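Single-structure report; data block below.
The values are calculated or read from the model by the stated rules, or taken from the named source; none is laboratory data. Everything numeric in this text was worked out from a predicted model, so none of it was measured. Here Cβ is always computed from backbone atoms with ideal geometry, including for glycine, and neighbour counts include all displayed protein chains. For the accessible areas, the whole protein counts, side chains as well, though only heavy atoms, and no ligand, DNA or RNA atoms are used. Shrake-Rupley method; radii C 1.70, N 1.55, O 1.52, S 1.80 Å.
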Amino acid sequence: MGTTNRTDETGLQVRRIVISGYYGFRNSGDEAVLKSILFALEEEGAKQGLRIVPIVLTVDPAWTTEMYGVEAVHRMKLGEIVRAIRSSDGLISGGGSLLQDATGVKSIPYYTGVMKLAQLLGKPTFAYAQGIGPVNRRWMDRLIRGVMRRSAYVSVRDAESAALLGRIGVPRDRINVVPDPVMALPLPAAATPPHVRAAEETAAAAAAGEAAAVGTPAQPVIGVSLRHWRKDSADLARAADALGALARSRAVRLRFLPFHTPSDAEASRWVIERLGDLGGASVAEIAEACDDPQQMLLEVSRCDALFGMRLHALIYAANQSVPMVGLSYDPKIDQFLNRLGLTPVGTTEALDSAAFVASISKLLDDPAAWLAKHQAAIAQLKQEARGPAKQIASILR
């Protein structure tokens with residue numbers, strides 16, 4: 001690798017690793033991916049006697065450095081990227097949906113180009129829990145195939161991504177299917193999830209010989225994560241109608257969670273305006289946007305159920321064992337839900353309000369049944385989410 005003979009003041013071997021992804025754009029899901037990777041590399045590296053020093057390629061190096069305390073260089077400045085890679089022991093590409101052309105023609109050439117550059121500079125490359133596809137332009141297959149075949153480690157976040165890589169010529173025995181890294185993201189250090197805090201308070205009251213307080217519970221909190229997708233906003237209109245039907249059928253607090261600002265906040269305001277008067281028993285509100293992924297994870301942990309369109313809203317809910325229903329706008333939603341044994345409640349083309357109300361009501365009325373059915377799958381995903389960091393640290397060592 002050329003740069004492996006370094007140790008820190010404690011005697012740990014030091015490995016510098018460049019991380020390439022959709023970072024610095026204030027997208028909570030992608031920032032959560034980065035933070036999860038950083039946590040995992042630090043912990044798994046330490047277990048193997050390494051201190052892994054990340055260098056993040058980002059659109060906003062100053063913000064990324066302030067947010068995560070890491071070295072950062074601009075993702076579009078070739079000279080800085082070359083210097084960072086030359087000084088490193090390897091490059092991680094991922095996670096997230098980087099290798100797809102649904103959002104534009106530039107993503108695949110950019111991310112494979114960064115991987116190819118590292119390979120030309122003699123550095124090992126690692127694909128970290130990538131979501132591959134859709135790839136609609138066949139000429140891009142060779143770009144993906146070339147860098148994946150030459151990578152030291154390849155992991156994808158679902159079986160469909162693995163199948164796509166296999167179809168374009170990447171040997172299937174080299175492809176690892178792993179969970180999204182955000183499944184292992186911890187809550188902020190000082191935070192206690194509400195259900196844990198409630199259990200602790202109940203236990204303390206019982207130990208003191210006191211009766212637990214009995215009364216009308218607060219309105220259950222329904223986390224709502226929506227985004228713009230259809231140009232005519234018909235999908236958001238259907239979501240508003242379904243949420244309105246729920247809010248008029250029972251008292252709930254609809255708490256909209258903007259994962260990508262400002263666009264998600266705009267979508268949320270549009271839906272709230274369409275909801276109109278909920279009759280007083282229910283309320284709708286927008287959570288304050290926050291850049292720190294762990295703070296958004298804490299927001300999700302405080303929900304009694306979640307209605308999610310954003311993939312990472314659903315992953316946050318699974319991370320915190322919050323019962324969920326998903327609205328599919330992309331195959332990645334279906335793929336993640338499938339790993340939990342779930343199917344979407346609707347799509348951007350169709351959402352039945354009555355079915356939606358029935359689904360959410362079932363979660364609110366018997367959350368224990370949902371957890372009993374899905375907790376084993378959640379636990380397995382959380383356990384497996386650190387696999388890529390463990391493998392990468394082993395290769396770097």
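Quick check, is Glu285 open to solvent by 20 Å² or more (accessible area, probe 1.4 Å) and farther than 25 Å from Thr103 by Cα?
Working: open to solvent by 20 Å² or more (accessible area, probe 1.4 Å): yes; farther than 25 Å from Thr103 by Cα: yes.
Considered against the rule, which asks whether it is open to solvent by 20 Å² or more (accessible area, probe 1.4 Å) and farther than 25 Å from Thr103 by Cα, Glu285 comes out as yes.
Which members of region 101-131 meet the condition of being in a loop (DSSP other than H, G, I, E, B), surrounded by fewer than 21 Cβ atoms within 10 Å (Cβ to Cβ) and of a type in the set (Lys, Arg)?
Lys106
Residues Leu371, Leu327, Leu306: which one is under 18 Å from Ile222 (Cα atoms), at pLDDT 95 or above and either part of a helix (DSSP H, G or I) or touching a Cys at 6+ places or on another chain (Cβ under 7 Å) (or both)? Talk me through it step by step, then tell me what you get.
Numbers: Leu327 fails: either part of a helix (DSSP H, G or I) or touching a Cys at 6+ places or on another chain (Cβ under 7 Å) (or both); Leu306 fails: either part of a helix (DSSP H, G or I) or touching a Cys at 6+ places or on another chain (Cβ under 7 Å) (or both).
None of the others qualify; the one that does is Leu371.
The rows are residues; the columns are (1) over 30 Å from Ser36 (Cα atoms); (2) over 18 Å from the mean Cα position of the chain (by Cα); (3) among the hydroxyl-bearing types (Ser, Thr, Tyr).
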position: Leu243; (1), (2), (3): yes, yes, no
position: Leu254; (1), (2), (3): no, yes, no
position: Arg269; (1), (2), (3): no, yes, no
position: Gly276; (1), (2), (3): yes, yes, no
position: Gly279; (1), (2), (3): yes, yes, no
position: Val283; (1), (2), (3): yes, yes, no
position: Pro293; (1), (2), (3): no, no, no
position: Leu306; (1), (2), (3): no, no, no
position: Met309; (1), (2), (3): no, no, no
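Pairs only if they're at least six apart or on different chains, beta carbon under 7 angstrom, first in region 83-97 and open to solvent by 10 Å² or more (accessible area, probe 1.4 Å), second modelled with pLDDT under 95 and in a loop (DSSP other than H, G, I, E, B); list them, first residue then second.
Matching pairs, first to second residue: Ser87/Thr3; Ser97/Gly131.
Just wondering, is there one or more residues in region 261-271 that are out of contact with any strand residue (DSSP E or B) (no Cβ under 6 Å at 6 or more places or on another chain), crowded, with 16+ Cβ neighbours inside 10 Å, of a type in the set (Lys, Arg) and under 26 Å from Gly29 (Cα atoms)?
No, there is no match, as no residue in region 261-271 is out of contact with any strand residue (DSSP E or B) (no Cβ under 6 Å at 6 or more places or on another chain), crowded, with 16+ Cβ neighbours inside 10 Å, of a type in the set (Lys, Arg) and under 26 Å from Gly29 (Cα atoms).
Among the residues of region 342-351, is any aliphatic (A, V, I, L, M), touching a Gly at 6+ places or on another chain (Cβ under 9 Å) and in contact (Cβ under 8 Å) with a residue 40 or more places away in the chain?
The initial filter retains those residues of region 342-351 that are aliphatic (A, V, I, L, M), namely 342, 345, 350-351.
From the residues that got through so far, the ones that are touching a Gly at 6+ places or on another chain (Cβ under 9 Å) too are 342, 345.
If we keep only those that are in contact (Cβ under 8 Å) with a residue 40 or more places away in the chain as well, we get none.
Checking region 342-351: not a single residue is aliphatic (A, V, I, L, M), touching a Gly at 6+ places or on another chain (Cβ under 9 Å) and in contact (Cβ under 8 Å) with a residue 40 or more places away in the chain.
Hey, among the residues in region 60-72 that are under 12 Å from Leu38 (Cβ atoms) and open to solvent by 30 Å² or more (accessible area, probe 1.4 Å), which one's farthest from the chain's Cα centre (by Cα)?
Among those that are under 12 Å from Leu38 (Cβ atoms) and open to solvent by 30 Å² or more (accessible area, probe 1.4 Å), it is Glu71.
Can you work out which of the residues in region 16-30 that are modelled with pLDDT of 95 or more and open to solvent by 10 Å² or more (accessible area, probe 1.4 Å) is nearest to Arg75 (Cα to Cα)? Show your work before the answer.
Let us first name the residues in region 16-30 that are modelled with pLDDT of 95 or more, namely 16-24.
In the following step, the residues that additionally are open to solvent by 10 Å² or more (accessible area, probe 1.4 Å) were identified as 16, 22.
Values: Arg16: 17, Tyr22: 9 Å.
Applying the filter and picking the extreme gives Tyr22.
Pick from Lys106, Lys123: which is touching a helix residue (DSSP H, G or I) at 6+ places or on another chain (Cβ under 9 Å) and not hydrophobic (A, V, I, L, M, F, W, C)?
None of the other options fit; the residue is Lys123.
Among all residue pairs at least 6 apart or on different chains, which show Cβ distances below 6 Å where the first residue, located in region 159-177, is charged (D, E, K, R) and the second is open to solvent by 60 Å² or more (accessible area, probe 1.4 Å) and in a strand (DSSP E or B)?
Close Cβ pairs satisfying both conditions: none exist.
Yes or no, residue by residue, for (1) free of Cβ contacts under 8 Å to residues at least 24 places away in the same chain; (2) open to solvent by 20 Å² or more (accessible area, probe 1.4 Å); (3) on the phi > 0 side of the Ramachandran plot:
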position: Thr58; (1), (2), (3): no, no, no
position: Gly133; (1), (2), (3): no, no, yes
position: Arg145; (1), (2), (3): no, yes, no
position: Ser151; (1), (2), (3): no, no, no
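Confirm whether Ala369 is more than 22 Å from Trp270 (Cβ to Cβ) and of a type in the set (A, V, I, L, M, F, W, C).
Yes; evaluated as a whole, the condition is true for this residue.
Answer yes or no as to whether Val170 is part of a loop (DSSP other than H, G, I, E, B), β-branched (Val, Ile, Thr) and crowded, with 22+ Cβ neighbours inside 10 Å.
In short, yes.
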